[in-house]
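These notes are about the structure you will find just below.
The values are calculated or read from the model by the stated rules, or taken from the named source; none is laboratory data. Computed from a predicted model, the values in this text were never measured in an experiment. With ideal geometry, Cβ positions are generated from the backbone for all residues, glycine too; neighbour counts draw on all protein chains shown.
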Amino acid sequence: MTDVLFNVQSVPFTLLLIVVWAIVVALFDRRNARRERVQAVSIVETIGVLVAAIAGSLFAPRDEGLAVGLAIAGIGIAAYGDIRHRFMWEEISVSTCFAVLAARALSGTAGAALYGMLLMAALALLAYFVGQYFGKEMGFGDVLPVATVGAALGFVLAPMAMFLACVLFVLVAVALRKRLDAALPFGPAIAGAVLIGSLLR
């Protein structure tokens with residue numbers, strides 16, 4: 001029973017780690033929000049992200065479930081900061097990336113994670129610098145979360161999931177009558193890409 005509970009690919013252990021990670025990230029967010037005097041993620045919002053993280057984890061293949069859940073929890077909570085004050089906390093982005101890489105290493109899929117991370121980081125940097133040239137840049141703080149999508153989903157699925165998330169993001173922005181020439185928070189699309197990727201398996 002103990003072996004099943006604490007096996008990195010077992011569902012109970014995966015769900016436990018995702019819940020713990022969501023709590024840790026929410027505490028990071030609360031501490032930083034207090035320091036910067038901005039609004040922190042609420043308990044209801046944290047629970048919503050946690051539900052999405054658990055769903056993504058359960059839909060993903062068993063050896064990727066933990067990484068997917070950690071990515072959705074970390075990026076999802078950080079995305080609320082992006083919506084409210086136009087940036088994601090660096091501590092959350094960095095620690096989530098390392099947590100996802102560690103989860104992939106524990107499941108024996110570190111190679112695919114590294115390839116995916118490097119590919120998505122390269123694409124994000126390209127988008128950033130092309131955007132700089134045209135004056136419509138994506139924020140530099142989005143590069144590491146996008147790379148984390150690659151680490152969670154791998155180099156084959158991550159670009160497709162990110163593309164679908166971006167299309168959905170634009171459609172939602174249009175539906176909400178947001179001006180597309182104004183700065184839009186990209187964090188929700190990044191978190192959504194991981195969830196979409198888990199559903200595409």
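Data for the structure
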| item | result |
| --- | --- |
| The stretch 44-82 - residue that is of a type in the set (D, E, K, R) and within 19 Å of Arg34 (Cα to Cα) and, of those, surrounded by the fewest Cβ atoms within 10 Å (Cβ to Cβ) | Glu45 |
| Index of the failed condition, Ala173 passing every other in (1) of a type in the set (A, V, I, L, M); (2) more than 18 Å from the chain's Cα centre (by Cα); (3) under 22 Å from Val68 (Cβ atoms) | (3) |
| Which listed residue is out of contact with any Gly (no Cβ under 9 Å at 6 or more places or on another chain), in contact (Cβ under 8 Å) with a residue 60 or more places away in the chain and closer than 21 Å to Thr14 by Cβ, from Ala67, Ala102, Ala60 | Ala67 |
| Pairs with Cβ under 8 Å, 6+ apart, first in the stretch 176-189 and closer than 13 Å to His85 by Cα, second modelled with pLDDT under 75 and buried (at least 19 other Cβ atoms within 10 Å of the Cβ) | Phe186/Met138 |
| The listed residue being modelled with pLDDT of 90 or more and out of contact with any Lys or Arg (no Cβ under 6 Å at 6 or more places or on another chain), out of Leu157, Leu180, Leu200 | Leu157 |
| Leading residue by the ranking (surrounded by the most Cβ atoms within 10 Å (Cβ to Cβ)) among those in the stretch 83-140 that are under 13 Å from the mean Cα position of the chain (by Cα) and not in a helix (DSSP H, G or I) | Met88 |
| Ala165 vs. criteria touching a residue at least 40 places away in the same chain (Cβ under 8 Å), part of a helix (DSSP H, G or I) and touching a Gly at 6+ places or on another chain (Cβ under 8 Å) | no |
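Conditions (1) under 27 Å from Arg201 (Cβ atoms); (2) hydroxyl-bearing (Ser, Thr, Tyr), marked per residue:
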site	(1), (2)
Cys97	yes, no
Gly108	yes, no
Tyr115	yes, yes
Gln132	no, no
Gly141	no, no
Ala152	yes, no
Pro159	yes, no
Phe163	yes, no
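Here's the yes/no breakdown for (1) among the β-branched types (Val, Ile, Thr); (2) over 19 Å from the mean Cα position of the chain (by Cα):
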| position | (1), (2) |
| --- | --- |
| Pro12 | no, yes |
| Leu15 | no, no |
| Ile18 | yes, no |
| Ile23 | yes, no |
| Leu27 | no, no |
| Asn32 | no, no |
| Glu36 | no, yes |
| Gln39 | no, yes |
| Ser42 | no, no |
